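The values are calculated or read from the model by the stated rules, or taken from the named source; none is laboratory data. Owing to the predicted nature of the structure, the values given are computational and were not obtained by experimental measurement. Ideal geometry is used to build each Cβ from the backbone, glycine not excepted, and the neighbour counts take in all protein chains shown. Areas reflect the complete protein model, heavy atoms only, side chains present, ligands, DNA and RNA absent. Shrake-Rupley method; radii C 1.70, N 1.55, O 1.52, S 1.80 Å.
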Amino acid sequence: MDLVMFGPPGAGKGTQARRLVEAHKIPQLSTGAMMREERKSGSDLGARFDSYMSEGKLVPDKMVLELIEKRLRQDDAKGGAIFDGFPRTVPQAEALDIVLKSLGRKVDGVVVLDVPENEIVERITGRRVDAAGQEYHVRYNPPPPGVEVTQRADDNEETVKTRFRVYQEKTEPVLEYYKKSGTIVHLIEGTGSLDDITQRIQDALRG
Ligand code: AMP
């Protein structure tokens, strides 16, 4: 199964994708996480990613697609993947269709996490992450005592505003692309407890 997690920054795509990984035994492919890893390694490529990420701008399609194509060739992604934070532009969605087609696959569904705009900023500015990439929220899902957490460099109010604007301009049209192409789109209410949201997604996927 190939599934696209869709929604604005802070909608819970990564958190819910991680939960689906366990249930469906397919990997989570998060372009943002891959770029953060590359940045951490101190490579030139990582520094190029950072020049866009730190401002809340999109990394150019060509660079993103190289990353995804390489990742899709790895063994664990042979049976499908959960795409998180990708595709973020219509050209990325078109390219994903072509790559999956060459592998005899297609996007089987798009899970849209619907969260009101006024909740987004609070969610993102309260977001914290531990060394393993596990995400928490200072109020809604605090880290257990003793777990050291940090804040993502791009989770400040200024950058969040840019990321949200970029989402509306560049990423929202991707949903129209999928609807037009006849891909199944599951609209999921993205508010409430994490377990409730996971349950809604699982129910929708079971159809
Ligand atoms: P995320 O972890 O999905 O919130 O992504 C963090 C940042 O990484 C974004 O604000 C972009 O700068 C960059 N990024 C992640 N995924 C993509 C993508 N598919 N296309 C372009 N830029 C991306």
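Tabulated data
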| read-out | value |
| --- | --- |
| The lone exception for M35 - which of (1) part of a helix (DSSP H, G or I); (2) buried (at least 17 other Cβ atoms within 10 Å of the Cβ); (3) more than 10 Å from the ligand (Cβ to nearest atom) it fails | (3) |
| Tally, over segment 165-187, of residues that are open to solvent by less than 30 Å² (accessible area, probe 1.4 Å) and within 21 Å of R127 (Cα to Cα) | 2 |
| Verdict on F49 being modelled with pLDDT of 95 or more, within 11 Å of the ligand (Cβ to nearest atom) and assigned to a loop (DSSP other than H, G, I, E, B) | no |
| Qualifying residue in segment 13-27 (condition: closer than 23 Å to V174 by Cα, among the charged types (D, E, K, R) and open to solvent by less than 40 Å² (accessible area, probe 1.4 Å)) | yes |
| Selection from segment 60-89 of residues that are assigned to a helix (DSSP H, G or I), of a type in the set (D, E, K, R) and within 9 Å of the ligand (Cβ to nearest atom) | D61 |
| Test set (1) at pLDDT 95 or above; (2) near the ligand (Cβ under 8 Å from one of its atoms); (3) of a type outside the set (S, T, N, Q) - K106 fails condition number | (2) |
| D130 being within 18 Å of the chain's Cα centre (by Cα), charged (D, E, K, R) and modelled with pLDDT under 95 | yes |
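Residues checked against (1) crowded, with 16+ Cβ neighbours inside 10 Å; (2) acidic (D, E); (3) under 20 Å from P8 (Cα atoms):
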position	(1), (2), (3)
E122	no, yes, yes
G126	yes, no, yes
A132	no, no, no
H137	yes, no, yes
P143	yes, no, no
R152	no, no, yes
R163	yes, no, yes
